[in-house]
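Down below is the structure, laid out as structure tokens.
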Amino acid sequence: MGDGYELRVNVGLNQNPKQWSLRWQNISETDADTISNFLDNRALDGASFTWTPPDTSTSYKWVCASWTKSIPYLNRATISATFRQVFEA
């Protein structure tokens, strides 16, 4: 809805959104930049993205409000992110 607001409804369908904590560990800095840039762009435009969790063959819509990137070793990076399922009309 803008300015950090979101509309939430506690009745109806989709009352159990999923959340995934993900970690890409020991990846190249180039791959980390690709992931980080993707998440940055989605955060800037407020857009959801499609992702298929590893325990299913069905894709869902997700948002990622926060993530971290660290570089523990030269040319190697780790990204941690939390994906939250959203339902769009």
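The values are calculated or read from the model by the stated rules, or taken from the named source; none is laboratory data. What you are looking at is a predicted structure, and each value in this text was computed from that prediction instead of being measured. Reconstructed Cβ throughout: ideal geometry from the backbone, glycine too, with neighbour counts over all protein chains shown.
Structure notes:
- Residue that is farthest from the chain's Cα centre (by Cα), among those in segment 42-83 that are in a strand (DSSP E or B) and more than 23 Å from Ile27 (Cα to Cα): Tyr60
- Taking the listed residues Trp51, Trp24, Trp20, the one that is touching an Asp or Glu at 6+ places or on another chain (Cβ under 8 Å) and either at pLDDT 95 or above or closer than 17 Å to Ser66 by Cα (or both) is Trp24, with no other qualifying.
- Cβ-Cβ under 7 Å pairs, at least 6 apart or on other chains, segment 32-45 side under 20 Å from Pro72 (Cα atoms), far side of a type in the set (D, E, K, R): Ala32/Lys69; Ser36/Lys69
- Taking each residue of segment 9-31 that is in a strand (DSSP E or B) and looking for partners that are at pLDDT below 95 and exposed (fewer than 12 other Cβ atoms within 10 Å of the Cβ) with beta-carbon atoms closer than 8 Å, six or more apart or interchain, yields Asn26/Tyr73; Ser28/Asn75.
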